[in-house]
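What follows is one structure encoded as structure tokens, with my remarks underneath.
The values are calculated or read from the model by the stated rules, or taken from the named source; none is laboratory data. Treat the numbers as computed from the prediction; the structure is a model and nothing was measured. All Cβ positions, even for glycine, are placed from backbone atoms using ideal geometry, and neighbour counts span all protein chains on display.
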Amino acid sequence: LTRAAWDTGTRRSDQSWMAAALALGRQGNGRTAPNPSVGAVIVKDGVVVGLGRTADSGRPHAEVVALRQAGDAARGATVYCTLEPCSHFGKSPPCADALIAAGIARAVVAIEDPNPEVAGRGTSRLRAAGIDVDVGLGAAQATRDMAGHLTRMRLGRPYVTLKLAVSADGAIGRLGAGQVAVTGPLTRRFVHVMRAEHDAIAVGSGTVLADDPALTCRLPGMAGLSPQRVVFDTEARTPPTAAIFAGPAKTFGTVAGPTILAAPDVDAGRVAALEAAGATVVAVPRGADRRIDPAAALATLAAAGVTRLMVEGGAALAEALWAADLIDEVVWIEGPHALGGDLVRPFGGEGRSRLAQRFALGHVSPVGDDRWLHWLR
Ligand code: AOF
Ligand code: ZN
């Protein structure tokens, strides 16, 4: 075997082990907030001896799960981590120390952790202990998969995915018609999967009043994965009887029930009624247009632990987030039929043509009779 052939073979298997770690990590998206969902795979002599992903709610970390599985087999093994192992004392000792103690010989890491408590100290700790460390394999995929954590750490807000379902004539509804189905049953199921993969889901109060959506994940066996519900509700107009108060949802820290983001000066009686119904009402300052400031609203959510936020309507909230340039990704779902009549079009009537100003069209997937268009920065 020549040295070059050896290197090529090693790299190829590194790639497939990292791909496995990434796939494992992705499975936890929507379950591990406020932590990222990390994947770790431990390989010894070409055989997997340990697999782990960040546990639901964030602890234990992926590496610890994988190390427990590997036991003594971790000695001299290679670990594939989708995120730099942590170096800080959190709810338990650092993963870097656990890897060192277990006798890991080599670590392949996709990306550094921008968390200021870690930020390169995880890998330098490993190197200082004599572990051979490679950083960067699978970085592009890891950056996408952990966009929630990375955006929260770097920008102090959640990663925002706007989902819009539009008719063939580019409308999200008919004026005054309430909820109109523009996409099919298969799309509805995938939207519920999307909800499960997010920490929280936001709508504007107009959507609550017009449609009264539940915003839960209603796939069999997945009710516990319903996202935390959030309403951008400047005047606290959400009725305490709204459907968002029913059903289970993920909780972070002390936040249970839906979160209502309202201006600080709204009627105290309305706030009390919402709180009595189980909501957490958070005061968010008004922006220039007198509505709550979207950047401040997102900062509030990030502080509460939200890393991945899905926005599901309506047109006004989408417009406000667009105007403040706070949308990271758009899932644009086109139904097969034209609605006709008085149409409500997103983005000030411009619809899809506006997306191309800021986003690039990624993959397009047919879902039943609908088309899902993924727009990314
Ligand atoms: C890892 N592996 O599986 C995760 C990591 O609050 P703590 O103590 O659990 O620490 C959370 C931070 O640790 C989180 O913000 C991120 O920087 C890192 N998460 N690190 O090595 C993991 N979940
Ligand atoms: Zn850790």
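Can you pull out the residues in the stretch 115-130 that are surrounded by fewer than 17 Cβ atoms within 10 Å (Cβ to Cβ) and at pLDDT 95 or above?
S124, R127, A128, A129, G130
If I filter the stretch 353-376 down to residues being over 13 Å from W322 (Cβ atoms) and among the charged types (D, E, K, R), which single residue comes out as surrounded by the most Cβ atoms within 10 Å (Cβ to Cβ)?
D370
Taking V231 and the conditions (1) surrounded by 21 or more Cβ atoms within 10 Å (Cβ to Cβ); (2) part of a loop (DSSP other than H, G, I, E, B), which numbered condition does it fall short on, given that it satisfies the others?
It fails just one condition, (2).
Consider the stretch 264-316. How many of its residues are surrounded by 20 or more Cβ atoms within 10 Å (Cβ to Cβ) and among the aliphatic types (A, V, I, L, M)?
15
In the stretch 152-169, is there at least one residue being farther than 30 Å from G340 by Cα and within 13 Å of ligand 2 (Cβ to nearest atom)?
no
Take the stretch 212-238 and flag every residue that is closer than 18 Å to D293 by Cβ and within 19 Å of the chain's Cα centre (by Cα).
V230, V231, F232
Would you be able to tell me the number of residues in the stretch 202-220 that are crowded, with 18+ Cβ neighbours inside 10 Å, hydrophobic (A, V, I, L, M, F, W, C) and out of contact with any His (no Cβ under 7 Å at 6 or more places or on another chain)?
Matching residues across the stretch 202-220 total 4.
Cβ-Cβ under 6 Å, sequence separation 6+ or interchain: first residue in the stretch 18-45 and over 17 Å from V64 (Cα atoms), partner at pLDDT 95 or above and within 8 Å of ligand 1 (Cβ to nearest atom). Which pairs?
N29/S37
Out of E112, E117, I need the residue that is within 15 Å of ligand 2 (Cβ to nearest atom), at negative phi and under 20 Å from the mean Cα position of the chain (by Cα). Which one?
When all the criteria are applied, what remains is E112.
From P60, P85, P114, which residue is in contact with a Lys or Arg (Cβ under 9 Å, 6 or more places away or on another chain), in contact (Cβ under 8 Å) with a residue 12 or more places away in the chain and farther than 30 Å from A202 by Cα?
Testing whether each residue is in contact with a Lys or Arg (Cβ under 9 Å, 6 or more places away or on another chain), in contact (Cβ under 8 Å) with a residue 12 or more places away in the chain and farther than 30 Å from A202 by Cα leaves just P85.
Going through the stretch 66-93 one residue at a time, which ones are within 22 Å of P34 (Cα to Cα) and either near ligand 1 (Cβ under 8 Å from one of its atoms) or basic (K, R) (or both)?
The answer is C81, L83, E84, P85, C86, H88, F89, G90, K91, S92.
Name the residues in the stretch 164-208 that are under 20 Å from M222 (Cα atoms), among the charged types (D, E, K, R) and in contact (Cβ under 8 Å) with a residue 24 or more places away in the chain, would you?
R189, R195, E197, D199
Quick one: A40 ticks every box in (1) of a type outside the set (D, E, K, R); (2) at pLDDT 95 or above; (3) near ligand 1 (Cβ under 8 Å from one of its atoms); (4) out of contact with any strand residue (DSSP E or B) (no Cβ under 6 Å at 6 or more places or on another chain) except a single one, so which number is it?
Looking at each condition in turn, A40 falls short on (4).
So which of G130, G148 ends up being without any contact (Cβ under 8 Å) to a residue 12 or more places away in the chain, away from ligand 2 (no atom under 16 Å from the Cβ) and not polar (S, T, N, Q)?
G130
Take the residues in the stretch 134-157 that are of a type in the set (A, V, I, L, M) and surrounded by 19 or more Cβ atoms within 10 Å (Cβ to Cβ); name whichever of them is nearest to E329 (Cα to Cα).
Step by step, filter the stretch 134-157, then rank; the result is A147.
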